[in-house]
């Protein structure tokens, strides 16, 4: 099975009022009971909708004017993402698995952009939320599922503050979280 840990940076909380600004994806594959972090994908998109929340822009640190000028046209970005997912998922006949850390946010942008540009969503309508997975695997509360807490609980490398909220970095770090959670026995509690 191929898991696609995906992170989005956006100009606000919901599409289409706001814009998808960047997408990062990192693959996690299972092989013989072990999980391996694989290749990554990254794209920055031209904004096409009117909404820009100042706090969201400050968090992601992306330059909106630069994206308007140099970002990838959104339909093309979604086509590139779908092609990369197909390539990474081959030769499997199973649907690629969408994984997000707070998947409802990331999936809503990906699903909306594929629908808006009349393109098939390579992930369909299903996905895994690592926050929910952490609750079940580790027996912790929702409030304990932040990346910072999981970093400590799962003994992951320290996050690089200079790269947090960059979609490619966050996708890679989410892949580390997924790998650790999948390799933790259900009900084992926090390590």
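The values are calculated or read from the model by the stated rules, or taken from the named source; none is laboratory data. All of these numbers come straight from a predicted model, not from anything done at the bench. Neighbour counts are summed over all protein chains in view; Cβ atoms, including those assigned to glycine, are modelled from backbone coordinates with ideal geometry.
Residues are listed down the side, and each one gets a yes or a no for (1) in a loop (DSSP other than H, G, I, E, B); (2) at pLDDT below 95; (3) touching a helix residue (DSSP H, G or I) at 6+ places or on another chain (Cβ under 9 Å); (4) farther than 20 Å from residue 29 by Cβ:
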site: 109; (1), (2), (3), (4): no, no, no, yes
site: 115; (1), (2), (3), (4): no, no, no, yes
site: 120; (1), (2), (3), (4): yes, no, yes, yes
site: 125; (1), (2), (3), (4): yes, yes, yes, yes
site: 133; (1), (2), (3), (4): no, no, yes, no
site: 148; (1), (2), (3), (4): no, no, no, yes
site: 151; (1), (2), (3), (4): no, no, yes, yes
site: 159; (1), (2), (3), (4): yes, no, yes, yes
site: 170; (1), (2), (3), (4): no, no, yes, no
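Looking only at the range 37-52, residues that are in contact with a helix residue (DSSP H, G or I) (Cβ under 9 Å, 6 or more places away or on another chain) and over 21 Å from residue 79 (Cβ atoms) come to 3 in all. Are any residues in the range 81-107 out of contact with any strand residue (DSSP E or B) (no Cβ under 6 Å at 6 or more places or on another chain) and without any contact (Cβ under 8 Å) to a residue 40 or more places away in the chain, and if so, which ones? Within the range 81-107, 83, 86, 87, 90, 91, 93, 95, 102, 104 meet the criteria.
The requirement of being touching a helix residue (DSSP H, G or I) at 6+ places or on another chain (Cβ under 7 Å), modelled with pLDDT of 95 or more and part of a helix (DSSP H, G or I) is fulfilled nowhere in the range 83-94; no residue meets it.
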